[in-house]
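The values are calculated or read from the model by the stated rules, or taken from the named source; none is laboratory data. These numbers were taken from a predicted model, which means no experiment stands behind them. Neighbour counts run over all protein chains shown; Cβ positions are idealised from the backbone, glycine included.
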Amino acid sequence: MSAIVFVTLFLLIEVAGCVLARRQEAKPEAETAPPGARDNRARILESKNAALRKKLAGLAPKGVYVVIDTANNRVYMKKDGQTVREMVASCGSGNVLEDPVGGRKWTFETPRGEFQVRSKITNPIWIKPDWAFIEEGEPIPEKSAERAKPGEMGDYALGLGRGYFIHGTMYKRLLGRNVSHGCVRLGDEDLKALYETAGIGTRVFIF
Amino acid sequence: MRNLTLVLVILCSVLCQGIARADDLETLEATNRRLRAEYELATKSQLYFVFDLQAKNVQFKSSGMAIAELPLQRVSYWGPVSGDKVRTVAGKLSYKTPERDVLKIPSPEESAKPDAEPKAQVKADPKKFELAALELSDMPTSFQVRFDDGLLVAVKPAPEEFLHRIWWTLNRGFWYLSRPLFSVWNFLHQRTYSEILLTMPPKDAQLLYWSLTDGSSCLLIN
């Protein structure tokens, strides 16, 4: 008997749930205008939508741009929507570093969004930041000259702002893995090709 | 009799046209709202996501341009879902949330202490090289995305093997059977319950989990 009651109750709730799910969200003001006015409105909307689509298309980059896939560690050099070069990269590891003394915290993640090439440097010198010394268990030097590490970033670097760069690496066997501290590392040939193709202002899309 | 049939046919066609026009107008208005919302997002130079449930894909977009596209194998709805507003990701839920590795560096005092027991020297095996990193393969294939307006998007991996297919069918059956209970429960709490179930290839599901972060802006086309 109780089983029948339970099943009936369950079925009732199921039906009620289905009815509730079928209810539609309140739609914006119902159209009560006569057919002629509706046609007019439809024409206006069609032209407005076409204009909006055109405006949206106008925001897309023209010519060369760069797309970086941080999950698959790939950099795509594109021109007018077509991939002209696919490159294997190393993006941010996602690890967190905690400073045991100062309590500071860093997350080694490649930032996502839209960026631009802001600077182009040949033979860049890495100015080793605090986290790099902490990570290696070394004392943070007082003189800034002691932070300079030439040769670690490869032959070229393209600055994206906020301290992030696309640069070379000494750890080529790790290309294709998420090992960087947030920058995007590339192999020598790919870096050279990117450096030669991308100018200042080239748009870089990172996801 | 012939004339009467003709009149009826004309009347029907006029009536159908009227209904179609009303539908068209509604669609045009929804498209207009969606395009305006997208334009606003596109001008902010940020990454946003478009769940195009009609074309069955998820697009990663920036500046109005799709920079990546993930196909959806199946789309199921529960409850009312409007598709012409910007939604923000409020959270992600999965059975096993990938966690970041925290690199613990010993403080100078700790480093100065001599080890009570010297650690055994382990010879590193280059074949078993493991990275302390959060990578795509660490991401779940099955998860839920909660949006700011309460909408839930459940992502499930498409079945690849026979047993997985059976499990997936049972899972879908359970999904349909359990949703009414959620609708009633939410109704009792004066909320509307809406959920979308997306089935996609496992690797794409992982990429979607990777890319969708809290605060990401999303648009739905349905």
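Key figures
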quantity	calculated
Residue within segment A:98-118 that is buried (at least 16 other Cβ atoms within 10 Å of the Cβ) and small (Gly, Ala, Ser) present	no
Residue match in segment A:28-38 (condition: more than 8 Å from chain B (Cβ to nearest Cβ), touching a residue at least 24 places away in the same chain (Cβ under 8 Å) and either in contact with a Lys or Arg (Cβ under 6 Å, 6 or more places away or on another chain) or small (Gly, Ala, Ser) (or both))	no
Of residues in segment A:160-180 being touching a Gly at 6+ places or on another chain (Cβ under 7 Å) and either modelled with pLDDT of 95 or more or buried (at least 17 other Cβ atoms within 10 Å of the Cβ) (or both), the one nearest to A:TRP131 (Cα to Cα)	A:SER180
Within segment B:184-208, considering residues that are of a type outside the set (A, V, I, L, M, F, W, C) and touching a Lys or Arg at 6+ places or on another chain (Cβ under 9 Å), the one surrounded by the most Cβ atoms within 10 Å (Cβ to Cβ)	B:TYR193
Sole residue being within 30 Å of B:SER217 (Cβ to Cβ), among the charged types (D, E, K, R), part of a helix (DSSP H, G or I) and in contact (Cβ under 8 Å) with a residue 40 or more places away in the chain, chosen from B:ARG179, B:ARG191	B:ARG179
Residue in segment B:43-50 that is touching a Leu at 6+ places or on another chain (Cβ under 8 Å) and at pLDDT below 95 present	yes
Segment A:79-97, subset among the polar types (S, T, N, Q) and part of a strand (DSSP E or B), residue surrounded by the most Cβ atoms within 10 Å (Cβ to Cβ)	A:SER90
Exclusive hit being charged (D, E, K, R), under 14 Å from the mean Cα position of the chain (by Cα) and closer than 25 Å to A:GLY63 by Cα, set B:GLU69, B:GLU40	B:GLU69
Segment A:148-207: number of residues that are touching a strand residue (DSSP E or B) at 6+ places or on another chain (Cβ under 6 Å), of a type in the set (A, V, I, L, M, F, W, C) and farther than 19 Å from A:VAL64 by Cα	6
